[in-house]
Structure formats: structure tokens, C-alpha cells
1. Could you please let me know if Ile16 is assigned to a helix (DSSP H, G or I) and at pLDDT below 95?
2. Inspect all residues belonging to the stretch 39-47 and state whether any of them is among the charged types (D, E, K, R) and closer than 22 Å to Asn216 by Cα.
3. I'm trying to understand the selection: among the residues of the stretch 167-196, which are assigned to a helix (DSSP H, G or I) and not aliphatic (A, V, I, L, M)?
4. Restricting attention to the stretch 40-93, which residues are surrounded by 12 or more Cβ atoms within 10 Å (Cβ to Cβ) and hydroxyl-bearing (Ser, Thr, Tyr)?
5. When you go through (1) more than 13 Å from the chain's Cα centre (by Cα); (2) surrounded by fewer than 21 Cβ atoms within 10 Å (Cβ to Cβ) one by one for Leu172, which number turns out not to apply?
6. I'm trying to understand the selection: among the residues of the stretch 103-122, which are in contact with a helix residue (DSSP H, G or I) (Cβ under 9 Å, 6 or more places away or on another chain), surrounded by 13 or more Cβ atoms within 10 Å (Cβ to Cβ) and part of a helix (DSSP H, G or I)?
7. Test Tyr199 against the criterion of being within 18 Å of Tyr70 (Cβ to Cβ), of a type outside the set (Lys, Arg), in a helix (DSSP H, G or I) and in contact with a Ser or Thr (Cβ under 7 Å, 6 or more places away or on another chain), and give yes or no.
8. Hey, any hits in the stretch 86-101 for a residue that's more than 22 Å from the chain's Cα centre (by Cα) and assigned to a helix (DSSP H, G or I)?
Amino acid sequence: MKWEMNLINFLKRAVIFIGLILLIFAVQIPVQLIGIKNYHGIKAFLWGAFYLALFLVIIGLAFWAYRSVYRQHSHKITFHDLKIILMAILSFFIIEIVLQFFNKLIFNQVGTKNNNAILSLFQSNTTVLVLMSISAVFLSPVLEELVFRGFFINAFFNQNAFWLPIVLSGLLFSCGHMSSNVISFMIYAILGIILAYVYKKTGKIEVSIGVHFLNNLIATGFMLLAVL
């Protein structure tokens, strides 16, 4: 697909991007409502079903937006892609351990504000715990990669651009997560940069989704151990 940019295209894509970010925040409202109202039984089931259905619809919209700016040539995951996924996740966890050490040393904070907020929601309601575990591991990685990597990088930069879209994608990704200090912000920014780097190197959104999936799976697993 030929990359084109003019003022009209830029404004259209900016509106779509902002709209997708707003939807990323909006999709969490039903599950937050379940926790705040402490719904159980049929109410919790109906709101939970609505939450998952809404998530899938928004993923569909994000995929449409991605396809509107880029047609991916290959969706096949190779052994080389799997090695990149493992190297990326290991690199991030090494960096995160170092940053979390300084987060504790300088700001006396364990974990990030974003993860602590999720942990608080986990503890509020069993239905919330189940729904957010599912969405955090299986749905959020797909939606966020389609928006912050797939759409953003291809909508606003040509294929030859490399480091600028990677860095900006990481910074915007971090802005979408709650941070209470600069180190917390850096943790999410570096994760976003690694995800964007993986996407640019492979040209496959599935590979960055794989890294994001493993990160969220491990993080969610630790939070579940803390709650259960």
C-alpha cells in the first residue's frame, strides 16, 4: 500500500487515533462498574458479557483502522519470530528489574501505579478478577498493539522511518498507563519501545502481540498469586 500524507490525511488519521485511544479507556468502564457497584449473579454476568463483547467490537474497529493504512504481507510466525519474542521479553524483564530497584530506592514504591490499580480491582470482586484476567492476557495485547504499533506507526510514518516512530510509539503507550513518577513512566515507555522495535523489525503485528501477551500473562500471574 502506497504511503501518502497530506493535511487532510493527517487530520483524519489523528482523529481515528485519538478515537481509538478513547475507546481503549472506555472499554474498561463496564468492568469498573461491576467492581464499584459490587455486582454479583445475573447483573455481573450481563455486564461481564457486555464488557467482553464491547472489547471484541473495539478490536474489530482497531483492525479495520490498521488495515486502512497498511496491508501486512505475511502473518506466518516463524522460528526466528519466536526467538525474537523470547529475546524481547527477557530484555524487558531485565530492564524492569533494574528500574523497579531504583523505583523502590528513590521513590519507595513497589510496583507501578497502573499495576497497583489493577490489583485493587482484582481484589474488589471475583467477577472483575476473572474478566480482567481474560482481557489483560488475551484482549488488551491485541487491541493495544493494533492501535499503538499497527495503526500509529503506519498512519504517520513511511516504511523507511525507524527510530522516530519506535520512540514516539513507546512514549504514547506509556502515556496510556498510570504512572506516579518518572521511573514508572520509563518502565512502560521502554516496554512500548521494545514492542515497536519488534514490530518494525518483523513487520508482523502478531509478533509484537506475542511479546505483549507474554508480558501481561506473567504480570497477571503474579497479581493473581498476590490475591488468591
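1. No, not satisfied.
2. Of the residues in the stretch 39-47, the ones among the charged types (D, E, K, R) are 43.
From the residues that got through so far, the ones that are closer than 22 Å to Asn216 by Cα too are none.
Within the stretch 39-47, none of the residues are among the charged types (D, E, K, R) and closer than 22 Å to Asn216 by Cα.
3. Ser169, Gly170, Phe173, Ser174, Cys175, Ser184, Phe185, Tyr188, Gly192, listed by residue number.
4. Tyr51, Tyr66, Ser68, Tyr70, Thr78, Ser91
5. It fails just one condition, (1).
6. Asn103, Phe107, Lys113, Asn114, Asn115, Ile118, Leu119, Leu121, Phe122
7. The answer is yes for Tyr199.
8. Checked against the condition, which is being more than 22 Å from the chain's Cα centre (by Cα) and assigned to a helix (DSSP H, G or I), the stretch 86-101 yields at least one hit.
The values are calculated or read from the model by the stated rules, or taken from the named source; none is laboratory data. Given the structure is predicted, the values throughout are model-derived calculations rather than measurements. Here Cβ is always computed from backbone atoms with ideal geometry, including for glycine, and neighbour counts include all displayed protein chains.
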